[in-house]
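Worksheet for the structure shown next.
The values are calculated or read from the model by the stated rules, or taken from the named source; none is laboratory data. Computed from a predicted structure; not experimentally measured. Because the Cβ atoms are built from the backbone with ideal geometry, glycine has one as well, and the counts that use them run over all protein chains shown.
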Amino acid sequence: MTILELIDRQELKRLSEKSDIQAIWMTVANFTLIAIGFVIPIYWEHWLAWCVASVLLGARALGLGVLVHDTAHQTLFSSRAFNEWAGKWLFGGLPNVPYYAYRQGHLTHHRHAGTEQDPDLAFVAGYPASGASLARKFLRDVSGLNGVKNILYQIQTFKLGSQAPFLTSHAILIGLLWSAGHPEVYLCWWLGQIFIFPLVLRLRVMGEHGGVPEHLHPDPRRNTATTLANPLARLLWAPNFVNFHLEHHFAAGVPSYRLKEMHHLMASKGCYEGMGCIQPSYWAVIKRCWGNHRNQQPIINQRAKGSLNNMQ
C-alpha cells in the first residue's frame, strides 16, 4: 500500500512543501519551553519548582529528539545543509542524539518497516504486555532506573571526537545559568533525563508501534498507528506532531507541521475506516498495549540499544 493509492499526486506535492517560517516557529517554541523550564526554579524557590522544571525539561529533551528526527528526513527546513547543521548542533546537542548515527538507523527502520529486518522491532517486542509486566516497565521509568541506565550507556559509549555538539550545548547552558547566578538549576536537566525522559519516550514509542495488529505486514495501517493527542500530551510525550506517525510512515517527505492536515485529508477519504489504526488518546494506547496476546506478534531476538534499551 502506497500513499498515492490513497491521495493524488497533487495533494501529496502540496503537503510536501517546506516552510522555513513554520520550522523557525517550532524551533523557537521548543527552546522557549526549555528556557521556561530553567526560569521556573530560578524565580520560584521551592522544591515543587524543581519537579515542574524536571518534567518540562525531560519532555523537551524528547521534543528536541523529534526535531532531530525531522531534520534527518530533510523535511524541517528547506535547505538540506541547514537541516543537517540544525539536527547535529542545534537540536541534537542537549539530548545527546548523534545526528548521523541516528539518521542511518532511523532510515533503515523506514526502509524495512513491516518486515523482520526492521531494527525498531526490538523496541516494541514487549507489547502487548500483561498488567504486571506493564506496571514493571513504568516503574523502571519513573523510579529513575532506566534513566540511570541510559546515562551509563552514554558514558560507556562516549567518544570525544563525536560529542562536540553535546559538550558545546551543555557548556553554553551552564555558562548562561552561571551568568544568571543560578548554576545549580542545571541539575534540573539531569533530573528530567533520569525520571521523566524514559517515561515520555516509552509513551511515544507505544503510540507509534506498540501493540499494533501485525508488525510484519506491508500496509502501514497494520504495523503503525496515529494517536490523537490532547494539549497535555502534546506538551509532554507527543511533541512536534510526532503523534501523527502513521501519516509519517506513508509519506516520510511530508514535514511534521503538515501531518495533521494530511491526517484530516486521509480521514475524509475514508483511508482509516475499519483499520483500527487511529487511537483517540494515549490511554487507549496503553489499553492496546495491555493484554496477553504476544503469540500474535513475531518473536524478536534482537536487543534494543542506547536511549531505547529500556523499551524491552
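One residue alone among 146, 150, 96 is in a loop (DSSP other than H, G, I, E, B), closer than 30 Å to residue 35 by Cβ and in contact (Cβ under 8 Å) with a residue 12 or more places away in the chain, and that residue is 96.
A count restricted to the stretch 236-250 and to residues that are over 16 Å from residue 15 (Cα atoms) and either polar (S, T, N, Q) or surrounded by fewer than 24 Cβ atoms within 10 Å (Cβ to Cβ) (or both) stands at 3. From the list 208, 184, the one residue that fits, being of a type outside the set (Lys, Arg), in contact with a His (Cβ under 6 Å, 6 or more places away or on another chain) and either assigned to a helix (DSSP H, G or I) or within 30 Å of residue 229 (Cα to Cα) (or both), is 208. Only a single criterion out of (1) at pLDDT 95 or above; (2) exposed (fewer than 15 other Cβ atoms within 10 Å of the Cβ); (3) not in a helix (DSSP H, G or I) is not satisfied by residue 116, namely (1). Here residue 232 meets the list (1) modelled with pLDDT of 95 or more; (2) on the phi > 0 side of the Ramachandran plot; (3) not polar (S, T, N, Q) almost entirely, failing just condition (2). What number of residues within the stretch 159-186 satisfy the criterion of being surrounded by 12 or more Cβ atoms within 10 Å (Cβ to Cβ) and either of a type in the set (Lys, Arg) or modelled with pLDDT under 95 (or both)? Matching residues across the stretch 159-186 total 2. The residue that is surrounded by the fewest Cβ atoms within 10 Å (Cβ to Cβ), among those in the stretch 36-60 that are aliphatic (A, V, I, L, M) and closer than 22 Å to residue 147 by Cα, is 48.
Taking residue 200 as the residue in question, decide whether it is on the phi < 0 side of the Ramachandran plot, modelled with pLDDT of 95 or more, outside any helix (DSSP H, G or I) and not aromatic (Phe, Trp, Tyr). When the stated conditions are applied, residue 200 does not pass them.
Remark: pairs (first residue in the stretch 5-21, over 18 Å from residue 80 (Cβ atoms); second residue among the charged types (D, E, K, R) and part of a helix (DSSP H, G or I); Cβ separation under 8 Å; 6+ apart in sequence or on different chains) = 15/258; 15/261.
Counting only helices (runs of 4 or more DSSP H) that fall entirely inside the stretch 1-80 and contain at least 3 residues that are under 25 Å from residue 180 (Cβ atoms) and of a type outside the set (Lys, Arg), the qualifying elements are 20-43, 47-72.
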